[in-house]
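Below is one structure, written out as structure tokens; comments come after it.
The values are calculated or read from the model by the stated rules, or taken from the named source; none is laboratory data. Predicted model, so just to flag it, every value in this text is computed and none were measured. Cβ placement follows ideal geometry from the backbone for every residue including glycine, while neighbour counts extend to all protein chains displayed.
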Amino acid sequence: MNPVGLFSAFRVQQKRTENAYTCSLVLNDSLPDALPGQFVMAWLPGIDERPFSLSDNDPVRITVADVGSFSHALNQLQPGDYLWLRGPLGRGFIPRGRSHLLLGGGYGAAPLSFLAKSLCAQGDQVGVCLGARSRADLLLVEEFESLGCQVWLATEDGSAGKQGLLTALLPEAQNALKPETVYACGPIGMLTTVGAWARTAGLPAQLSFEGVMRCGVGLCGSCELPEETCQQLGLAPGFLVCHDGPVGEISPNHFS
Amino acid sequence: MTTPKLSCSFLGMNLSNPLVLASGVLGTSPSLMERAALSGAGAITSKSCGPEERSGHPNPVTVSWECGVLNAIGLTNPGAHAEVSLLRETKARLAPLGVPLFASIFAPRLEDYGEVARIIAEAEPDLIEVNISCPNVASEFGTPFSASEESAAAVTRTVRKAVSLPISIKLAPNVPEINRIAQAVVAEGADAITAINTMPAMLIDATAAKPVLSNRTGGLSGPALKPIALRCVYEIAQAVSVPIIGTGGLSSGIDAAEMLMAGATLVGIGSAVINDGPSVFSRICTELATFMKDNGYAQLGDVRGKALT
């Protein structure tokens, strides 16, 4: 059966503040064979278990916004504390070509930092568009810059970069970078907009979805994407975020 | 030798193959059930539905390890009335594919079983599977009805009175004499038996010093369950003459052949979906056909019950 199905105990090695309500937990080991875009189920016994994509794997790092009771508990962890993970689970990004455009809306920046790191390490050209409500909500900007990515920013209040949604950055980033593949993670509205844009631009897109995750291994059906979303994006109906995703690949040919 | 025939008949239904999507796996929406049918399942069982909506247990609800899977989802379902429209939509999608729909039901109290069955019958599933053996709700519902001949028979009687559709009673492995329970439900009008449900079990995380599942215990499935399922079906097949849907830990064509040899007419597939996804059905069908061809079996009837004699 699935060898990654049981929990492994990690210790928090370092806690890094990313913004006023988000921290990254750097753990004491890496996960064998984890790919950018894959996720883990993180467990605190007696509290809860939730999915997180990896924001790095050398060693494991998850980036957690303090937005609910479980993420609050994670934000309270200190170096030396245990955190239990099962994974890596699901299908991650499959890099195609040598020029890549990464689009991160809000917390969606997290899995893209792991992807950017591996793409930059092989000498590829990487552009990153990040969007958030305001400058204070942006995540991992310096990390992308220090990796050598070209970074474009958009904020809804205009406090950093272009005023508006991340999708407003797409024409400029496309012109500057001439990407061969687009990779996106963020709210579902952003992903459907990106999917439609990629179709028009004739670009293959890899979209990382969120789902209500329970079993995490393709049995329970709770993370199924709504049929309308599948239809809009040209994904086969019955797409399970944990098994078929979290990354779903959209080919421009699907829309012909 | 010509290609062996995997088609079979079950309670008057014609199936393209004997593999059934077991209850509790992927049976939550029309699109997922259609996907399993398109992937090669011969029949589909929906996830168990009760009288009221339930959100189920908190996470963690599932863990797997090399020998199997442990789950305690907690009977998550939308409630019988909402389930009817979901099943109607599913039936409309499965009918053109020639794939029958089995609707699984449960209830916390004996008297609720008849009512849930009556409501679900409105969707006209091809069979109602009566789950009297969920191991994960004992703290709320008490001892499962599958635990004794009397309580299993009482549920069967209630459902039999409520609906005229074919019914199959799903039995639990953790009883001293499953053959007597099978006889008791058949005597009350069960048209078929589904055996077995998962086996109550526990995993503890040593570092956490706690049970892994939030429900503490869960139902064991996957390879570790297979020998238990084979023994149960073997005993039931000797005790009753109704068809058996043999379920538990089967993940290959050889496993399916072994379950048929124990006396099953149909073969349930559940946890095996973990490794392959819904495409598991086409793989197991191919393996079963290959096994039959290599060993000179022309049709399923030649395999069925082979280990009983």
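Counting only residues that are farther than 19 Å from B:Leu260 by Cα, buried (at least 20 other Cβ atoms within 10 Å of the Cβ) and among the polar types (S, T, N, Q), how many does the stretch B:175-197 have?
Qualifying residue count, the stretch B:175-197: 0.
In the stretch A:226-242, which residues are surrounded by fewer than 23 Cβ atoms within 10 Å (Cβ to Cβ) and either in a loop (DSSP other than H, G, I, E, B) or within 12 Å of another protein chain (Cβ to nearest Cβ) (or both)?
Step one: filter the stretch A:226-242 for residues surrounded by fewer than 23 Cβ atoms within 10 Å (Cβ to Cβ), giving A:226-232, A:234-237.
Passing the criteria: A:Pro226, A:Glu227, A:Glu228, A:Thr229, A:Cys230, A:Gln231, A:Gly234, A:Leu235, A:Ala236, A:Pro237.
Which of the strands (runs of 3 or more DSSP E) found entirely inside the stretch A:58-157 contain at least 3 residues meeting this: small (Gly, Ala, Ser)? Quick ask: steps written out before the conclusion?
Values: elements: A:60-65, A:82-89, A:99-105, A:125-132, A:150-155.
Here the list reads A:99-105, A:125-132.
Yes/no per residue for (1) part of a loop (DSSP other than H, G, I, E, B); (2) within 14 Å of chain A (Cβ to nearest Cβ); (3) at pLDDT 95 or above:
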| residue | (1), (2), (3) |
| --- | --- |
| B:Ser9 | no, no, yes |
| B:Asn17 | yes, no, yes |
| B:Thr28 | yes, yes, yes |
| B:Arg35 | no, yes, yes |
| B:Ile44 | no, yes, yes |
| B:Lys47 | yes, yes, yes |
| B:Gly56 | yes, yes, no |
| B:Asn59 | yes, yes, yes |
| B:Gly74 | yes, yes, no |
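Filter the stretch A:9-45 down to the residues that are modelled with pLDDT of 95 or more, on the phi > 0 side of the Ramachandran plot and surrounded by fewer than 15 Cβ atoms within 10 Å (Cβ to Cβ) and list them by number.
Once the filter is applied, which keeps residues that are modelled with pLDDT of 95 or more, on the phi > 0 side of the Ramachandran plot and surrounded by fewer than 15 Cβ atoms within 10 Å (Cβ to Cβ), the stretch A:9-45 yields nothing.
For the list (1) among the hydrophobic types (A, V, I, L, M, F, W, C); (2) under 29 Å from B:Leu203 (Cβ atoms); (3) surrounded by fewer than 21 Cβ atoms within 10 Å (Cβ to Cβ), I need the number of the one condition that B:Ala36 fails.
So B:Ala36 meets the others, but not (3).
Given the condition away from chain B (no Cβ under 14 Å), at pLDDT 95 or above and out of contact with any strand residue (DSSP E or B) (no Cβ under 8 Å at 6 or more places or on another chain), answer yes or no: does some residue in the stretch A:73-84 qualify?
Within the stretch A:73-84 (the criterion being away from chain B (no Cβ under 14 Å), at pLDDT 95 or above and out of contact with any strand residue (DSSP E or B) (no Cβ under 8 Å at 6 or more places or on another chain)), the answer is yes, since at least one residue qualifies.
On the given criteria, is B:Ser279 surrounded by fewer than 17 Cβ atoms within 10 Å (Cβ to Cβ), of a type in the set (Ser, Thr, Tyr) and either more than 16 Å from B:Leu15 (Cα to Cα) or more than 14 Å from chain A (Cβ to nearest Cβ) (or both)?
Working: surrounded by fewer than 17 Cβ atoms within 10 Å (Cβ to Cβ): yes; of a type in the set (Ser, Thr, Tyr): yes; either more than 16 Å from B:Leu15 (Cα to Cα) or more than 14 Å from chain A (Cβ to nearest Cβ) (or both): yes.
Yes.
Applying the selection to the stretch B:211-227, what residues are in a helix (DSSP H, G or I), more than 9 Å from chain A (Cβ to nearest Cβ) and not hydrophobic (A, V, I, L, M, F, W, C)?
The answer is B:Lys226, B:Pro227.
Of everything in the stretch A:197-225, what is away from every other protein chain (no Cβ under 14 Å) and of a type in the set (Asp, Glu)? Give them in sequence order. Please lay out each step first, then the result.
First, pick out the residues of the stretch A:197-225 that are away from every other protein chain (no Cβ under 14 Å): A:197-210.
Answer for the stretch A:197-225, where residues must be away from every other protein chain (no Cβ under 14 Å) and of a type in the set (Asp, Glu): just A:Glu210.
For every residue, the table says whether it meets (1) under 22 Å from B:Ile193 (Cα atoms); (2) under 14 Å from the mean Cα position of the chain (by Cα).
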site: B:Leu11; (1), (2): yes, no
site: B:Asn14; (1), (2): yes, no
site: B:Gly24; (1), (2): yes, yes
site: B:Thr28; (1), (2): no, no
site: B:Arg35; (1), (2): no, no
site: B:Ile44; (1), (2): yes, yes
site: B:Pro51; (1), (2): no, no
site: B:Cys67; (1), (2): no, no
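Given (1) more than 14 Å from every other protein chain (Cβ to nearest Cβ); (2) crowded, with 21+ Cβ neighbours inside 10 Å; (3) assigned to a loop (DSSP other than H, G, I, E, B), where does B:Thr3 come up short, assuming only one miss?
Of (1) more than 14 Å from every other protein chain (Cβ to nearest Cβ); (2) crowded, with 21+ Cβ neighbours inside 10 Å; (3) assigned to a loop (DSSP other than H, G, I, E, B), only one is false for B:Thr3: (2).
So which residues in the stretch B:278-307 are touching a residue at least 60 places away in the same chain (Cβ under 8 Å), closer than 23 Å to B:Val69 by Cα and of a type outside the set (Val, Ile, Thr)?
Once the filter is applied, which keeps residues that are touching a residue at least 60 places away in the same chain (Cβ under 8 Å), closer than 23 Å to B:Val69 by Cα and of a type outside the set (Val, Ile, Thr), the stretch B:278-307 yields B:Pro278, B:Ser279, B:Phe281, B:Ser282, B:Cys285.
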